[in-house]
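Before any comments, here is the structure.
The values are calculated or read from the model by the stated rules, or taken from the named source; none is laboratory data. The structure displayed is predicted, hence computed values, not measured ones. As a convention, Cβ positions derive from the backbone with ideal geometry for all residues, glycine included, and neighbour counts pool all protein chains shown. Side chains included, ligands, DNA and RNA excluded: accessible areas come from the protein's heavy atoms. Shrake-Rupley method; radii C 1.70, N 1.55, O 1.52, S 1.80 Å.
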Amino acid sequence: MKEQRHERPDKNLRFFWTLFKSTFMISAFTIGGGFIIIPLLRAKYVDEYQWITDKDALDMVAIAQSMPGVVAVNSAVILGYRMAGIAGTLIALVATVLPPLITLTVISYCYDYFVQSHVIRLILRGMQCGATALIVNVGIDLLVKQIKKQLLLPLLIILTTFIGSAFFNFNVMLLVIIDGLIGLLVLRAAKYN
Amino acid sequence: MIYGLLFFEFCKIGIFCVGGGYASMPLIRASVVDTYHWLSMSEFVDIFTISQMTPGPIGINAATFAGTKIAGLGGAVCATAGFVTPSLFIGILLSKLVLKYGDIGPIRGVLNGLRPAVVALICSASIGFIFLALWNTETMPHDFSNFSAGCLGILILALIAVRKKKSVIQILLGSGVLGLILGLTGMITV
């Protein structure tokens, strides 16, 4: 995992193509919705292209989660803007909505076949297990990283938010807002960055 | 003009859809089924099913499919465009804010609080994913004996692959193929 901030890559055609291609693939492989976006973002932008750091990826998803709209679209907008301003945003946005547009237009012509097909159900079931591995892996990685920092307050936030979300089904938005407020009040010191 | 109305309606849904894709479902229903009678309830259930089954963000899947059913390809484009327009403006605004003021105290504090929150939410989501993968239920299973060993096998293989830094797309496609093979040999049921 890389911690240092990376240089912005040159904004040439090749860069925009890479941005388009990667956002398109991430959208196409968002399986099971929501947080599966994190392992995908991380694999592409943190590990492969090294455009952002783990911390940037978490910030992006935190903001994407706190604003209205779909997390995948929001994070594409934020990433696009961060990498290449308005042009980057538009490219990332179009690349995110294209895969569903293509898939669903095709599926709408063979809806009955698609929902009843045993083969498709089995493939999707397998992909669900693969997606589980991805998200479990990223969850463990990020948790270990936070524990290694040995800071009490962030760990308390993790523990209480986890309990609230996993055991009491509290509204995710509400939890995020509360944690943001706690951060505003007590986590301003540089050591928490 | 159906296209303009679709754009406007889904724009509204995009603004009030707070908390990710699933949150858009009741809003889409209220608009396309209850208010405008564009679709019947059973067609809406189709939308819900297909959005979850199809790869891609659930909210976008739902907007696209609803648009297709209401007014064909043009409808899909308008509904989706409307749905993402609020994200576009709010996202740019927030990005500007963070890029400009991200290093000053208060905003840094908020981000420092949000980051651990997201880690916790990922862990919590992981548990839901595990239930879904192994017991085919999104909440705590009532009957733990209903466990799928074939799915556990795929999960473990995928975990090994991800630790070996294989590409995520290869892992997902490989898992799909394994699901098909194990399913056809009767080791996984759906």
Take the residues in segment A:91-107 that are free of Cβ contacts under 8 Å to residues at least 40 places away in the same chain and more than 8 Å from chain B (Cβ to nearest Cβ), then tell me which one is nearest to B:VAL77 (Cα to Cα).
-> A:ILE102
Of all helices (runs of 4 or more DSSP H) fully inside segment A:79-193, the set with 3 or more residues that are touching a helix residue (DSSP H, G or I) at 6+ places or on another chain (Cβ under 6 Å) is A:118-149, A:152-166, A:172-186
Failed condition for A:ARG42, given (1) modelled with pLDDT under 90; (2) open to solvent by less than 30 Å² (accessible area, probe 1.4 Å); (3) among the basic types (Lys, Arg), with all others met?
-> (1)
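Could you list, in sequence order, the residues of segment A:157-191 that are open to solvent by 30 Å² or more (accessible area, probe 1.4 Å) and touching a residue at least 40 places away in the same chain (Cβ under 8 Å)? Reasoning before the result, please.
Looking only at segment A:157-191, we keep the residues that are open to solvent by 30 Å² or more (accessible area, probe 1.4 Å), and these are A:159-160, A:162-163, A:166-172, A:174, A:177-178, A:181-182, A:184-186, A:188-191.
Listed by number, the residues that qualify are A:VAL172, A:ILE177, A:LYS191.
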Out of the residues in segment B:103-135 that are farther than 19 Å from A:ALA166 by Cβ and not small (Gly, Ala, Ser), which is most open to solvent (accessible area, probe 1.4 Å)?
-> B:ASP103
So which residues in segment A:102-131 are surrounded by 24 or more Cβ atoms within 10 Å (Cβ to Cβ) and either among the aliphatic types (A, V, I, L, M) or in contact with an Asp or Glu (Cβ under 8 Å, 6 or more places away or on another chain) (or both), if there are any at all?
-> A:LEU104, A:MET127, A:ALA131
Sort out which residues of segment B:137-172 are part of a loop (DSSP other than H, G, I, E, B), under 22 Å from the mean Cα position of the chain (by Cα) and facing chain A (nearest Cβ under 8 Å), and write them in order of number.
-> B:SER167
Which numbered condition B:GLY21 fails, given (1) within 30 Å of A:PHE170 (Cβ to Cβ); (2) at pLDDT below 85; (3) surrounded by fewer than 24 Cβ atoms within 10 Å (Cβ to Cβ) = (3)
